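Below is one structure, written out as structure tokens; comments come after it.
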């Protein structure tokens, strides 16, 4: 009797192993179709997996993702809910799909509530804070958007979209220094994507936007100061304006725009490092400024400037192609920081 019972247990275990293997095989094949943009074929594979185990969190999640990608919002939510009800390891991903779908459907307030619930249930995750911040940004609740973007960065400093959102928030507020810091870090992480040219253009606009030349008086330069209470950054903002205005000075005549960019970037980073005080606890002073101050005082500043400007500057791309050793040394320096 014991032998028969043991044999039955072995058979049951074998069937479960085979079934699990088959589910994973169907899902793997479905993912290949999904990655090729063949969402309907991907869903067919996932449904074959569900025939074996209708409750499979993996298969249900992958269907939700493919439905989201093909624009089938109703089913994306329905299959996300199946994952969420099971409290599986894929709850985070399911929350993101459902929340993003609700936002696309114009149910942004409902999406906000969902992401807030997800943070409580799953725990703080940078993607939840980012998506929550994005929803607040889209509903013009800028301060709440900033709060969540910063939380996302604190959890994952290498998430480019959070830096880009933070840059846009402060660009909208008219806060030049904060916008520049977030843009610099975004371009450091993502120097050559579809978003990089727009970020580089915004960086240039912020750096020279406060300086206006009087057409009637060519030798007169007007410096504009951003409105609002931004006193701790005022000296740095004024420095930016002076740096832009200094391009017309005799000592800078003959220097190229690229040379001036390197020179002015160094000055900008250094003035922030000198302004930093122990009492400063915000991300601008505790995260961005120390990093950029170190870059400015290293031998890699020129490499850094060429690297972050490659999307919008042909000279930078050419320089990088010809200075591979400098790039390697910069990478080594970063790893040893």
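FYI, it's all coordinate maths here, none of it is from the lab. Source: prediction; values computed, not measured. Counting neighbours? That spans all protein chains shown, and the Cβs are built from the backbone with ideal geometry, glycine included.
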| Ranked list, fewest to most other Cβ atoms within 10 Å of each Cβ, for 323, 300 | 323, 300
| task | Mind jotting down the distance between the C-alpha centroids of region 38-81 and region 100-160, whole Å? | result | 24 Å
| remark: Ranked on Cβ counts within 10 Å of their own Cβ, fewest leading, 283, 240 go 283, 240
| said: Using a 10 Å cut-off around each Cβ, can you sort 52, 77 from fewest to most neighbouring Cβ atoms? | reply: 52, 77
